[in-house]
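The values are calculated or read from the model by the stated rules, or taken from the named source; none is laboratory data. Bear in mind the structure is a predicted one, so any value in this text is a computation, not a measurement. Note: ideal-geometry Cβ built from the backbone for every residue, glycine included; neighbour counts use all protein chains shown.
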Amino acid sequence: MSLNIEAIHNENVKSDIPAFRAGDTVTVNVKVIEGTKERIQPFKGVVIQHKNSGISKTITVRKMSGSVAVERIFPVNSPRIDSIVLDRAGKVRQSRIYYMRNLRGKAARIEEREA
Amino acid sequence: MNGILAKKLGMTQVFTEQGECVPVTVLEAGPCVVVCHKTEEKDGYTAVQIGFGLKKEQRANKAEIGHFKKADVAVREHLAEFDVADLESWPVGKEFGAADFADAKMVNVSGISKGHGFSGAIKRHGFHSGPRSHGTHNMREPGGTSAHSYPGRVFPGKRMPGQYGNKKVTVKHLQVVKVDGDRNLIFVRGAVPGPKNSIIVVRKD
């Protein structure tokens, strides 16, 4: 009777996710099924926020697709996420950079942080 | 056997192959042991009594120690009875666990719900609260309880303040998501009544 819920919680938490925070640019490789075939679709953008921890952790990634902004929320520990790659570490002050939603063009640049 | 005793460990989430996130309650079901048989001749009905959760012998009274000694098993904290089709396949002293539920699709679970004490109608029944300002004294009152001289009484079952929770609650048709026979874990979809570490009766649906 030594089992506790935290241990069961953490069993399926992925260990190969790189450390990144808000403001970093990441590529999330998502497995998508097209017909009967499965392929990997990358989604590259800036991490806007982290939510929750452990198995229920999610990240919101924002990218500009042409002139349209796209935000996707990824459950990090989902089996549909193949991998997450850290492309560029960004220097921001807030942990949730919602102000990026109001910025366009040159103003929406993020200074690079030494990782 | 159609049931087992379990301890509620708490809630977490698991992912399906499709990436769907399923909220689950983790139940530690077993190891349980058959403690005695209830027979038609002696007790008037047929059932198997099972024990769950080890208990120090110094914490048990003589009657309990004697009861478990008769079955030649260690003293257990919790006892429950379940119907069985034939007593022969469940001999006294037989140990079993969550693996018995490997083929179960749905279960019914019973537990003692969280006690909220004597609660008002707002917390207990979800009544609306009255206005807080403009000189009112009707803030958390339950409101009227009945009509006038006809019927001249309050109908039975009228929702009023009173004891909320700490009562046996059964939730039916909970889906079994996963069974871990080695560690005696049953993962059921959704919530289960009662606080963490409470004792839950799990029955096959």
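Before we move on, is residue B:114 of a type in the set (D, E, K, R), over 24 Å from the mean Cα position of the chain (by Cα) and not in a strand (DSSP E or B)?
On the way: of a type in the set (D, E, K, R): yes; over 24 Å from the mean Cα position of the chain (by Cα): no; not in a strand (DSSP E or B): yes.
No, not satisfied.
Inside segment A:60-88, residues that are within 15 Å of residue A:17 (Cβ to Cβ) and either within 14 Å of another protein chain (Cβ to nearest Cβ) or over 13 Å from the mean Cα position of the chain (by Cα) (or both) make up a count of 9.
Please give the strands (runs of 3 or more DSSP E) falling wholly within segment A:1-98 in which 3 or more residues are surrounded by 15 or more Cβ atoms within 10 Å (Cβ to Cβ) and among the hydrophobic types (A, V, I, L, M, F, W, C). Walk me through it before giving the result.
On the way: elements: A:25-34, A:37-51, A:58-65, A:68-75, A:81-88.
Hits in segment A:1-98: A:25-34, A:37-51, A:81-88.
From the list B:34, B:84, B:75, pick out the single residue that is without any contact (Cβ under 8 Å) to a residue 40 or more places away in the chain, among the β-branched types (Val, Ile, Thr) and more than 14 Å from chain A (Cβ to nearest Cβ).
That would be B:75, the only listed residue that is without any contact (Cβ under 8 Å) to a residue 40 or more places away in the chain, among the β-branched types (Val, Ile, Thr) and more than 14 Å from chain A (Cβ to nearest Cβ).
For segment A:28-68, the tally of residues that are β-branched (Val, Ile, Thr), out of contact with any Gly (no Cβ under 8 Å at 6 or more places or on another chain) and within 21 Å of residue A:94 (Cα to Cα) stands at 4. Entry remark, segment B:166-178: residues being assigned to a strand (DSSP E or B), surrounded by fewer than 20 Cβ atoms within 10 Å (Cβ to Cβ) and of a type outside the set (Lys, Arg) number 6 in total. Which of the residues spanning segment B:50-59 are touching a helix residue (DSSP H, G or I) at 6+ places or on another chain (Cβ under 9 Å) and modelled with pLDDT of 90 or more? Within segment B:50-59, B:51 is the sole residue that qualifies.
Residues in segment A:1-59 that are within 11 Å of the chain's Cα centre (by Cα) and under 30 Å from residue B:28 (Cβ atoms): A:17, A:51, A:57, A:58. Consider segment B:161-177 and keep the residues that are touching a Ser or Thr at 6+ places or on another chain (Cβ under 7 Å) and without any contact (Cβ under 8 Å) to a residue 60 or more places away in the chain. The one that is nearest to residue B:107 (Cα to Cα) is B:169. Please enumerate the residues belonging to segment B:3-26 that are more than 11 Å from every other protein chain (Cβ to nearest Cβ) and either within 15 Å of the chain's Cα centre (by Cα) or on the phi > 0 side of the Ramachandran plot (or both). Passing the criteria: B:3, B:4, B:5, B:6.
Just to check your reading of the model, which residue among B:57, B:40, B:95 is surrounded by fewer than 18 Cβ atoms within 10 Å (Cβ to Cβ) and within 20 Å of residue B:7 (Cβ to Cβ)? Can you show your working first?
Values: B:57 fails: within 20 Å of residue B:7 (Cβ to Cβ); B:40 fails: within 20 Å of residue B:7 (Cβ to Cβ).
Unique residue meeting the criteria: B:95.
Inspect all residues belonging to segment B:117-135 and state whether any of them is of a type in the set (Val, Ile, Thr), in a loop (DSSP other than H, G, I, E, B) and modelled with pLDDT of 90 or more. Before you say what the answer is, go through the steps one by one.
From segment B:117-135, those of a type in the set (Val, Ile, Thr) are B:122; that's our starting set.
In the following step, the residues that additionally are in a loop (DSSP other than H, G, I, E, B) were identified as none.
No, there is no match, as no residue in segment B:117-135 is of a type in the set (Val, Ile, Thr), in a loop (DSSP other than H, G, I, E, B) and modelled with pLDDT of 90 or more.
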